[in-house]
Each structure stands twice: as structure tokens, then as C-alpha cells.
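Notes follow once the structure below has been shown.
The values are calculated or read from the model by the stated rules, or taken from the named source; none is laboratory data. Since we're looking at a predicted model, the values are computed, not measured. Please note: Cβ atoms are built from the backbone with ideal geometry, for glycine as well, and neighbour counts cover all protein chains shown. Please note that ligands, DNA and RNA were not included when accessible areas were found on the heavy atoms of the full protein model with its side chains. Shrake-Rupley method; radii C 1.70, N 1.55, O 1.52, S 1.80 Å.
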Amino acid sequence: MAGDAFGAFLLGRWRRSPLRLAAALAAAPLLLLDRRAELLVVATATAGTTDAALRRRWREHAARHARAGGVPEALERLAAHRRAGDRVLVATACADPLARLVLDALGLADVELVATPYEHRRWRTPRASAIRGEAKVRALRRAGVVLPVDDAYSDSLRDLPLLRAARTPHLVRPRRRDLPRWRRALGGVEVLGPVRGAGPAPRTGLLRRVVRRPAPPRGR
């Protein structure tokens, strides 16, 4: 469930509730034993919340997230692709309901989204299977994306399979410490925006992974 919008939402819930924070800290060591414990950690932030209340909190969080401006470099490139008539998808490990609300708040309601399917359960762990790494590439195939894509954008090493599945990979505000690994894996690669760790840390936003493939021929 990593991803800026969802991660920021969880942090906000924990910060506002010492009890939720204590439960999260108690559950966190389980992640070292079993990655499935991630859903238990998520549940510490959402347990007891009705569907309607969670939707309301997600909508409020999405509005705040959008007001923060996202990542300008990614938004500008996304807009350029759309002007060119390209098919554009945002692929993110963020929970699908929250990711869609963030896109709506950014005025991108018509942009295709591939996100983590997520089912909230009030008193149980949610049902979800995060799309990261190879799982993200498989999710794109299920969405009808033909690989290799023309361009892929990311700032996370977890997206290396995605960038390898692109004719032209791009890094958006990558971490300085990750650059050697990126270059070993991809060779020359375009870097958009400042490198994190090379100065004041910039804000990050949901739209850090944008994938496109050629639009279908017109007239069909």
C-alpha cells in the first residue's frame, strides 16, 4: 500500500490517534516475517471506520493532496502526452478508491487508472493485493496495455520491471542513493526534476508513475 497518497493518509490517521499508532507499531515487526502482515498494519488505521466515513475521509485527504500540487514535472509531462493524443494511464500501488479521488481532485477524472484493488472491512483486515514490481506489469497487461510501452515514469526502484518494459524509461525526482542502481539496470535514462538527497527534499505526489502506449489508429 505504499504510494504517497495512501501512505500519507495512513500516517495522518496514526498521528491523530495514539491508540492506532501504538497498534501499528506493535504490528510493524510482523512485516519482517510475512509481507501479508502489511494489511494488518493498514487495518490499524482504518479499523472501526464505516464505509461512508472512510470514503469521506479519503475525499478530504484527496482534496488536500491535490492542493499540494502533486509533482509538477509528472503533471506537465502527462499533459503533454494528452495533448499529443497518446493513451495515458496512471499506475500506482495506492488503493484504487483513494487514487481515483486524487485524480478527480486534480482535474484528471478522464485519465485511465490502474491501482490496487481494495475492499475495506470495518472490523477485519482489508482485502487488497498491492500492484508493485512485476505485479504492476501484469496489471497493465490485464488493462489491455501492449508491452513494451513507449514511455514509463517512476521514482521507485520497485518499478524497475515497469521501466524495463518501456522503450524509453524516465525517472521523476529519484533518490540520489538509488541512481547507481537505476543506471546499472537501465543505462542512460532521463531524469525529470531535482534529485532527492541533493538538496532540500521536494514534495512528492500520487502522479509519479505515468505509462502510455500508442493511441489506436484513428478511424477505427
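Think of a 1.4 Å ball rolled over the protein heavy atoms: the range 1-151 then has 49 Å² of accessible area per residue.
The residue among Trp182, Val102, Tyr118 whose Cα reaches farthest toward the positive pole of the charge dipole of the chain, with charges on the beta-carbon of Lys, Arg, Asp and Glu, is Tyr118. The alpha carbon radius of gyration of the range 1-114, expressed as a multiple of 2.2 N^0.38 Å, is 1.20.
Counting only Cα atoms, the size of the chain along its three principal axes is 52, 42, 31 Å, in decreasing order. Take 183-195, 79-91 and order them by the average number of nearby Cβ atoms within 10 Å per residue, most first; the result is 79-91, 183-195. Take 130-141, 50-61 and order them by the average number of nearby Cβ atoms within 10 Å per residue, most first; the result is 130-141, 50-61. Rolling a 1.4 angstrom probe over the range 1-149 with all protein chains present gives an accessible area of which 57% lies on carbon and sulfur atoms. Given their separation in residues at 0.36 nm each and the Cα-Cα distance between them, Arg56 and Glu134 gain 24.9 nm when the chain is fully extended.
What ratio of Cα Rg to 2.2 N^0.38 Å holds for the range 132-202?
1.13
Remark: spin-label model distance Ser17-Glu112 equals 3.7 nm, labels positioned 7 Å along the Cα→Cβ axis.
Taking 35 Å as R0, compute the FRET efficiency from the Cβ-Cβ separation of Leu147 and Ala37 and round it to 0.05.
Details: r = 32 Å, r/R0 = 0.90.
FRET efficiency, Leu147 to Ala37: 0.65.
If only the Cβ of Lys and Arg carry +1 and only the Cβ of Asp and Glu carry -1, the dipole of the chain around its Cα centre is close to 220 debye.
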